[in-house]
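Nothing in this text is a laboratory measurement; each read-out follows from the coordinates by a stated rule. From a predicted model like this one, the values you see are computed outputs, not experimental measurements. Cβ sites come from the backbone with ideal geometry, for glycine too, and all protein chains shown count toward neighbours.
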Amino acid sequence: MSSVIVETLKRTKGGNGINPVEIAQAARTTPEAALRVLEKFLNMENPDGTRLDSSARFNLASEAVRLGALQAVLRALTWQEFETFSEECLGRACFETQKGLIFKDGRRRWQVDIIATRGQIMLVLDCKHWESPNYSSKFYAAVRHHKQSLGPLVRHMKIRGLLGNHQDVWALPVIITLFEPRVSVLDGVVLASVAQLGDFLEHVTPYDSDLPFILVPHIVESPIS
């Protein structure tokens, strides 16, 4: 069943309609069997030709993950859906999230994929939907840029009153990827695959000495380079 769902996700990117014959060939089953799977999980009769909206695609992806096809599902999603999937994981771990925050600091424009807060913790996430394996050297530019965004982000949030009592807030920069990175922390930024995200969120705490948390006032006083 999961192979039918994954092939459906692959072939309905960009608004393409469901083609049971193509899906069945790729999933090595019959068109009739593929339709039965899709009818069950989409809750509709004969979805042949149907264009799936983002909600339907996400529901299909969730079912395939439940069936054990996480990595295949994530590769079948668009980068926007990958961000949404990461945000959903954060929500399930009781984090409040903001996605796609765009702001200016002086003349420079910045964008942060996801900000997630829970109690004293503020995770600043950059989602990388990279298809190739995650060698450490691949991350250097992304890590540098992500760290540089923290100061402007905190200033933006302070000005708009989005930090509350920021004296007690601990920030953690995180890069989320498709594949498991070779290292878990690189130059003060956490690297994790989305498959590792659930376990990471369950145990994350600013009192873990292995995690490079930064007290928010220190970010403003000593900008990170």
Self-check item: Structure-derived Cα extents along the principal axes in Å - corresponding label in (i) 63, 35, 33; (ii) 90, 40, 35; (iii) 65, 39, 28
Solution: (i)
Quiz item: Using the beta-carbon distance between His218 and Ser136 and R0 = 30 Å, what value does 1/(1 + (r/R0)^6) give for FRET efficiency, to the nearest 0.05?
Solution: 0.70
Exercise. With a cut-off of 16 Å, note down the residues of the range 75-112 whose backbone N falls inside the zone around a label point 7 Å from the Cα of Ile159 toward its beta carbon.
Key: 101-112
Practice problem: Grab the DSSP H runs of the chain that are 4 residues or longer, score each as -39,500 (n - 2.57), total them, divide by all residues and round the 222 nm result to the nearest 500 deg cm²/dmol. | Solution: -13500 deg cm²/dmol
Quiz item: Of Ser149, Pro206, Val190, which is farthest along the charge dipole of the range 81-221 in the positive direction, counting Lys and Arg as +1 and Asp and Glu as -1 at C-beta?
Solution: Ser149
Quiz item: Relative to the first principal axis of the alpha-carbon coordinates of the chain, what is the inclination of helix 31-42, with its axis defined by its Cα atoms, in degrees from 0 to 90 and to the nearest 10?
Solution: 40
Quiz item: What is the magnitude of the charge dipole of the chain about its Cα centre, with +1 placed on the Cβ of each Lys and Arg, -1 on the Cβ of each Asp and Glu, and no other charges, expressed in debye to the nearest 20?
Solution: 740
Quiz prompt | Linear extension gain, Ile102 paired with Arg182, 0.36 nm per residue minus alpha-carbon span | solution = 25.8 nm
Quiz item: From the residues Ile23, Gly164, Cys89, which one has its Cα farthest along the dipole of the chain in the positive direction, the dipole being from +1 and -1 charges on Cβ of Lys/Arg and Asp/Glu about the Cα centre?
Solution: Gly164
Quiz prompt | Theoretical gain in end-to-end length, Gln167 to Gln148 [0.36 nm per residue, Cα-Cα removed] | solution = 4.8 nm
Quiz item: Taking only Cα atoms, what is the 0 to 90° angle, nearest 10, from helix 2-11's long axis to the longest principal axis of the chain?
Solution: 80
Quiz item: Listed highest first by mean packing, meaning other Cβ atoms within 10 Å per residue, what order do 90-103, 174-187 come in?
Solution: 174-187, 90-103
